[in-house]
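> Structure below; questions to follow.
The values are calculated or read from the model by the stated rules, or taken from the named source; none is laboratory data. Because the structure is a prediction, the values reported are computed rather than measured. Note: ideal-geometry Cβ built from the backbone for every residue, glycine included; neighbour counts use all protein chains shown. Surface areas here come from the heavy atoms of the whole protein model, side chains and all, with no ligands, DNA or RNA. Shrake-Rupley method; radii C 1.70, N 1.55, O 1.52, S 1.80 Å.
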Amino acid sequence: QVRLVESGGGLVQPGGSLRLSCAASGMIFSRNVMGWYRQAPGKQRELVATLTSGGTTNYADSVKGRFTISRDNTKNTMVLQMNSLKPEDTAVYYCNARNPDLPINYWGRGTQVTVSS
């Protein structure tokens, strides 16, 4: 059974930082493309960042220079370090795993990030 569990969300003031974590189980973690997506109120889900098994990263323009995605294949975890947070970063953040060779996607249930003064 594949599971992705996010943690680390919460309320933070503009300019602050949060560290989101995703714990994966039930898969060969090191083979998968991992990513973070978010969905703000009234908006569609959008890509935040992805990280391949080979270390290639891709970031949305809106978060470049502020967010950093990383993974630890020995612990089956993925992290999104979020700095210089803005109110427009407010959203539910979802962990995603994709097998690059199969049409399979897995999603966590999400963690709420609220940036407000």
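> With r as the distance between the Cβ atoms of Ser70 and Asn105 and R0 = 25 Å, compute the FRET efficiency 1/(1 + (r/R0)^6) and round to 0.05. Could you put the intermediate results ahead of the total?
Numbers: r = 21 Å, r/R0 = 0.82.
The computed FRET efficiency comes out at 0.75.
> Once both labels are modelled 7 Å past Cα along the beta-carbon direction, what's the Ala60-Arg31 spacing in nm?
According to this spin-label approximation, the distance is 3.0 nm.
> Looking at the chain from every direction and averaging, what is the projected area of its Cα convex hull in nm²?
For the Cα atoms of the chain, the hull's average projected area reads 7.0 nm².
> Leaving out ligands, DNA and RNA, and with a 1.4 Å probe, what % of the accessible surface on the chain is carbon or sulfur?
Values: 2940 of 6440 Å².
That share works out to 46 percent.
> Could you work out the relative contact order of the chain, using alpha carbon pairs under 8 angstrom and six or more residues apart, expressed as a whole percent?
On the way: 282 pairs, mean separation 42.6, N = 117.
The normalised contact order for the chain reaches 36 percent.
> Right, something else. Can you tell me the accessible area per residue over the chain, all protein chains present, probe 1.4 angstrom, in square angstrom? Don't jump to the answer; show the numbers that get you there.
Details: 6440 Å² over 117 residues.
Dividing the accessible area of the chain by its residue count gives 55 Å².
> Have a look at Asn76, Asn32, Asn105 and tell me which one the Gaussian network model of the chain (Cα, springs below 10 Å) gives the largest fluctuation.
Answer for the Gaussian network model of the chain: Asn105.
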